[in-house]
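Taking it in order: structure first as structure tokens, then the write-up.
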Amino acid sequence: ISADAHGNETVSGEYAFTTQDKTPPAISDVTTVFAISNAAVIVWVTDESASTQIVYSTTSHAGVLYVNADDARGAYGSWSVEDVTPLQSHAVILGSLTSGTTYYFRVISIDASGNQSISGEYSFDTA
């Protein structure tokens, strides 16, 4: 309802609108469940349903902030296949690793609106 200076009122038709989700999923509880000579299992949680992926390397990229998954993939050079199934509990098995090696990784989750979250850097050692 709106009114002009003379008090004349009018009512508009009904309108619907949708707000856009601009909030990326929050990543927490990143854990290396186990690492053996040639494989590792990494798990994490997000506060909303999102995709599952890990980027990894034998070179640390600590201190670098990545806001785009493509940039993180390019920097780390290796990554798991992205699982686009929307989940809040995530798990990735990394295989074909080299024994006796330190690996550095970040987890990536992207929600249905395309908002991307990329964790800080973590590491694990293979046996």
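The values are calculated or read from the model by the stated rules, or taken from the named source; none is laboratory data. All figures in this text were calculated on a predicted structure; none of them were measured in a lab. Cβ sites come from the backbone with ideal geometry, for glycine too, and all protein chains shown count toward neighbours. When the accessible area is computed, the model is the full protein with side chains, heavy atoms only, and any ligands, DNA or RNA have been set aside. Shrake-Rupley method; radii C 1.70, N 1.55, O 1.52, S 1.80 Å.
Could you tell me which label, among [x] 83, 25, 21; [y] 49, 36, 22; [z] 52, 50, 19, carries the value of Cα extents along the principal axes in Å calculated for this structure? Read-out from the structure maps to [x].
Order these peptides, 89-95, 55-61, by their mean beta-carbon neighbour count within 10 angstrom, highest first.
Listed from highest to lowest mean packing, they are 55-61, 89-95.
Backbone geometry of segment 118-124 corresponds, through the Karplus equation with coefficients 6.51, -1.76 and 1.60 at θ = phi - 60°, to 3J(HN,Hα) couplings of 10, 5, x, 8, 10, 8, 8 Hz, x marking Gly and Pro. Surface composition of segment 18-69: carbon and sulfur atoms hold 54% of the protein heavy-atom accessible area at a 1.4 Å probe. Starting from segment 1-109, pick out the GluC sites (Glu not before Pro) whose DSSP state is loop and whose Cβ has at most 13 other Cβ atoms within 10 Å. Loop-located and lightly packed - 14.
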